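*Asks:* Have a look at this one before I ask anything.
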2 protein chains.
Amino acid sequence: MSGLARFALNQRTTARWSVADAVAGCVAAGVPAIGLWREPVADAGLDVAARLVADAGLRVSSLCRGGFFTGGASHGDNVAALDEAVALGTDVLVLVPGGLPVGDKDIAGARARIADGVAALVDPARERGVRLAIEPMHPMFAADRGAVSTLAQALDIACDHDPDVVGVVVDTFHVWWDPDVLAQIARAAGRILSYQVSDWITPLPADALLSRGLPGDGHIDFAALTRAVAAAGYAGDVEVEVFNAEVWERPPADVLADAARRHLDLVAPHL
Amino acid sequence: MSGLARFALNQRTTARWSVADAVAGCVAAGVPAIGLWREPVADAGLDVAARLVADAGLRVSSLCRGGFFTGGASHGDNVAALDEAVALGTDVLVLVPGGLPVGDKDIAGARARIADGVAALVDPARERGVRLAIEPMHPMFAADRGAVSTLAQALDIACDHDPDVVGVVVDTFHVWWDPDVLAQIARAAGRILSYQVSDWITPLPADALLSRGLPGDGHIDFAALTRAVAAAGYAGDVEVEVFNAEVWERPPADVLADAARRHLDLVAPHL
């Protein structure tokens with residue numbers, strides 16, 4: 001199973017599974033790491049979830065998610081997310097930046113508020129030994145989810161801060177289209193805190209939020225992106241993170257087995 | 001009606017209207033220009049369509065569309081589109097670049113083929129006095145429609161050629177999210193061949209191709225983009241181009257009247 005040594009299940013890929021189910025599923029499949037989400041962790045209870053992953057010997061590759069700096073989340077809630085990361089044993093909190101509040105047309109202003117929101121979390125993160133992973137999001141989410149639209153922009157924000165505290169997520173789904181992506185991944189050396197993989201499938205499913213495919217089902221060149229991430233020095237886990245209604249209807253253990261095979265075929269050889 | 005002096009109806013906004021209907025609708029509404037599409041022009045007959053717009057005294061702001069260099073259209077079909085532009089009395093042919101053929105994961109290769117396809121059309125365009133307007137498309141269409149994803153990329157291709165022959169389209173829907181958009185519009189001075197407006201609405205409708213709103217219904221700052229286009233020296237028409245199933249269900253004359261009002265409120269003051 002050495003080909004899976006850096007493979008992680010982001011638990012949204014198997015959305016029907018509770019934390020307990022997902023932990024058991026990973027153990028059964030020989031998967032060494034898991035990316036957790038705050039909502040299912042809260043459903044399980046933070047202490048219970050922490051004990052489940054620890055007892056199973058799983059690494060927690062990241063916690064999703066803080067952020068939403070432009071209207072939704074409060075600073076206090078983001079600090080709570082940092083505490084949850086500590087409790088779960090991960091040092092990576094993924095930050096979804098947030099989009100434009102209803103009626104707001106000032107995207108430059110939203111981007112400035114995102115930078116301010118990140119800055120306000122730097123000291124609390126440092127105190128807890130947690131790193132902040134800014135996630136640039138596909139431009140189709142600029143209005144309603146994340147107004148940081150390119151890796152370059154995320155790095156511009158991150159580079160105002162200590163690389164030991166603030167970095168970025170490279171998520172293939174969000175960045176694959178970017179003509180500048182390989183150069184920006186190189187620029188991100190020392191700042192890549194999470195590498196997440198899913199594919200861009202066509203036609204785009206009706207719900208844009210659920211439009212991801214398993215690696216190999218779409219148009220993304222995982223070899224090129226993975227080689228770039230490896231060349232930038234990233235040595236962490238690779239989370240498969242697929243939001244897709246049809247994938248979620250399948251038995252989760254089958255999805256995990258497929259995802260592991262895709263990792264072995266498309267990602268691991270290039271790490 | 002001087003506020004409408006540079007307003008143009010892109011006929012896809014009133015998709016139910018034939019060319020004859022759209023021409024009559026523009027005349028009735030005091031709209032001086034129309035952007036035509038090849039399919040409805042073919043339905044009407046090229047000569048009939050040309051006579052309709054000429055007899056009505058309408059400018060033809062552009063013809064959509066050539067392009068699809070990555071798999072679909074042939075060079076011969078694109079040359080035919082140039083001939084149609086001449087017959088219709090417009091000197092602007094909009095080029096939709098084309099995406100990735102099924103199974104193709106080489107987006108860099110697709111982008112190179114697009115540049116080659118444009119280059120092959122330069123001489124035929126020059127001979128006919130038609131200009132080629134490369135349309136950068138929103139990154140959500142990179143796989144299936146247009147792998148030129150930013151204005152910067154479109155300009156990189158255009159700038160290999162004579163500015164009298166090759167330029168770009170600035171379409172608010174496609175470029176609004178780009179952190180670099182204002183700088184790239186400035187860079188596009190002398191190369192902007194068409195300015196098209198529609199809004200980014202949320203939630204994104206189920207069919208991503210039909211996800212545009214009338215200006216004012218979404219998150220785009222038309223004042224900022226229009227001022228930038230004007231500052232870059234663009235003196236042509238402003239086409240309202242809305243693909244949206246709900247808009248298409250409404251009486252087309254009502255849609256045109258609404259679009260004209262939005263132009264007067266949101267666009268014309270900044271031209």
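The values are calculated or read from the model by the stated rules, or taken from the named source; none is laboratory data. In this text the structure is predicted, and so the values were computed from the model without any measurement. Please note: Cβ atoms are built from the backbone with ideal geometry, for glycine as well, and neighbour counts cover all protein chains shown.
*Asks:* Select from the stretch B:46-76 the residues that are small (Gly, Ala, Ser) and in a loop (DSSP other than H, G, I, E, B) and write down the one among them that is modelled with the highest pLDDT.
*Replies:* B:Gly57
*Asks:* Kindly establish whether A:Leu132 is buried (at least 24 other Cβ atoms within 10 Å of the Cβ) and in contact with a Ser or Thr (Cβ under 9 Å, 6 or more places away or on another chain).
*Replies:* So A:Leu132 does not fit the description; no.
*Asks:* Another question, then. Conditions first: (1) out of contact with any Leu (no Cβ under 8 Å at 6 or more places or on another chain); (2) farther than 21 Å from A:Val229 by Cβ; (3) more than 10 Å from chain B (Cβ to nearest Cβ); (4) surrounded by fewer than 23 Cβ atoms within 10 Å (Cβ to Cβ). A:Leu155 passes all but one, so which condition is the exception?
*Replies:* (2)
*Asks:* Could you grab me the full set of residues in the stretch A:6-24 that are part of a helix (DSSP H, G or I) and either farther than 24 Å from A:Ser211 by Cα or charged (D, E, K, R) (or both)?
*Replies:* A:Arg12, A:Ala20, A:Asp21, A:Val23, A:Ala24
*Asks:* Something else about it: Taking A:Asp164 as the residue in question, decide whether it is over 19 Å from the mean Cα position of the chain (by Cα) and in a loop (DSSP other than H, G, I, E, B).
*Replies:* no
*Asks:* Name, by its number, the condition in (1) without any contact (Cβ under 8 Å) to a residue 60 or more places away in the chain; (2) in contact with a Leu (Cβ under 8 Å, 6 or more places away or on another chain); (3) over 15 Å from A:Val169 (Cβ atoms) that does not hold for A:Ala54.
*Replies:* Of the numbered conditions (1) without any contact (Cβ under 8 Å) to a residue 60 or more places away in the chain; (2) in contact with a Leu (Cβ under 8 Å, 6 or more places away or on another chain); (3) over 15 Å from A:Val169 (Cβ atoms), the odd one out for A:Ala54 is (2).
*Asks:* May I pose another question? Tell me yes or no: at least one residue of the stretch B:225-241 is touching an Asp or Glu at 6+ places or on another chain (Cβ under 8 Å) and either at pLDDT 95 or above or under 15 Å from B:Arg6 (Cβ atoms) (or both).
*Replies:* So far as the stretch B:225-241 goes, yes, one or more of its residues are touching an Asp or Glu at 6+ places or on another chain (Cβ under 8 Å) and either at pLDDT 95 or above or under 15 Å from B:Arg6 (Cβ atoms) (or both).
*Asks:* Does B:Asp43 fit the bill of being over 18 Å from the mean Cα position of the chain (by Cα), part of a helix (DSSP H, G or I) and closer than 20 Å to B:Glu246 by Cα?
*Replies:* no
*Asks:* I'd like to verify a number: residues in the stretch B:154-185 that are in contact with a Lys or Arg (Cβ under 8 Å, 6 or more places away or on another chain) and within 22 Å of B:Val130 (Cβ to Cβ), how many?
*Replies:* Here the count works out to 10.
*Asks:* Can B:Arg128 be described as over 25 Å from B:Leu256 (Cα atoms), in contact with a Cys (Cβ under 8 Å, 6 or more places away or on another chain) and assigned by TED's automatic domain parsing to the domain that holds B:Glu84?
*Replies:* For B:Arg128, the condition - over 25 Å from B:Leu256 (Cα atoms), in contact with a Cys (Cβ under 8 Å, 6 or more places away or on another chain) and assigned by TED's automatic domain parsing to the domain that holds B:Glu84 - is not met.
*Asks:* Being within 18 Å of the chain's Cα centre (by Cα) and charged (D, E, K, R) is the filter; apply it to the stretch B:179-201 and report the residue that is farthest from B:Ala232 (Cα to Cα).
*Replies:* Top of the filtered list is B:Asp199.
*Asks:* Of the residues A:Arg212, A:Arg262, A:Arg227, A:Arg250, which single one is surrounded by fewer than 18 Cβ atoms within 10 Å (Cβ to Cβ), within 19 Å of the chain's Cα centre (by Cα) and not small (Gly, Ala, Ser)?
*Replies:* A:Arg227
*Asks:* Out of all the residues in the stretch A:101-109, is one or more at pLDDT below 95, among the acidic types (Asp, Glu), surrounded by fewer than 17 Cβ atoms within 10 Å (Cβ to Cβ) and assigned to a loop (DSSP other than H, G, I, E, B)?
*Replies:* Looking for residues that are at pLDDT below 95, among the acidic types (Asp, Glu), surrounded by fewer than 17 Cβ atoms within 10 Å (Cβ to Cβ) and assigned to a loop (DSSP other than H, G, I, E, B), one finds at least one in the stretch A:101-109, hence yes.
*Asks:* Looking at the stretch B:71-122, which of the residues that are within 13 Å of chain A (Cβ to nearest Cβ) and in contact with a Leu (Cβ under 7 Å, 6 or more places away or on another chain) is farthest from B:Asp47 (Cα to Cα)?
*Replies:* Among them, the one singled out is B:Ile107.
*Asks:* Going by what's in this entry, would B:Leu271 be described as farther than 18 Å from B:Gly35 by Cα, surrounded by fewer than 16 Cβ atoms within 10 Å (Cβ to Cβ) and in contact (Cβ under 8 Å) with a residue 40 or more places away in the chain?
*Replies:* Considered against the rule, which asks whether it is farther than 18 Å from B:Gly35 by Cα, surrounded by fewer than 16 Cβ atoms within 10 Å (Cβ to Cβ) and in contact (Cβ under 8 Å) with a residue 40 or more places away in the chain, B:Leu271 comes out as no.
*Asks:* What pairs can you find where one residue is in the stretch B:215-226 and within 7 Å of chain A (Cβ to nearest Cβ) and under 10 Å from B:Asp199 (Cβ atoms), the other is crowded, with 24+ Cβ neighbours inside 10 Å and among the hydroxyl-bearing types (Ser, Thr, Tyr), and their Cβ atoms are less than 7 Å apart, with a gap of 6+ or different chains?
*Replies:* B:Ile220/B:Thr172
*Asks:* Right, something else. With A:Arg250, A:Arg261, A:Arg212 as the choices, which residue is charged (D, E, K, R) and either within 14 Å of another protein chain (Cβ to nearest Cβ) or touching a helix residue (DSSP H, G or I) at 6+ places or on another chain (Cβ under 8 Å) (or both)?
*Replies:* Of A:Arg250, A:Arg261, A:Arg212, the one residue that is charged (D, E, K, R) and either within 14 Å of another protein chain (Cβ to nearest Cβ) or touching a helix residue (DSSP H, G or I) at 6+ places or on another chain (Cβ under 8 Å) (or both) is A:Arg212.
*Asks:* In addition: Across the stretch A:186-206, which residue is surrounded by the fewest Cβ atoms within 10 Å (Cβ to Cβ) among those that are within 14 Å of another protein chain (Cβ to nearest Cβ) and out of contact with any Pro (no Cβ under 9 Å at 6 or more places or on another chain)?
*Replies:* Filtering the stretch A:186-206 for residues that are within 14 Å of another protein chain (Cβ to nearest Cβ) and out of contact with any Pro (no Cβ under 9 Å at 6 or more places or on another chain), the one surrounded by the fewest Cβ atoms within 10 Å (Cβ to Cβ) comes out as A:Pro203.
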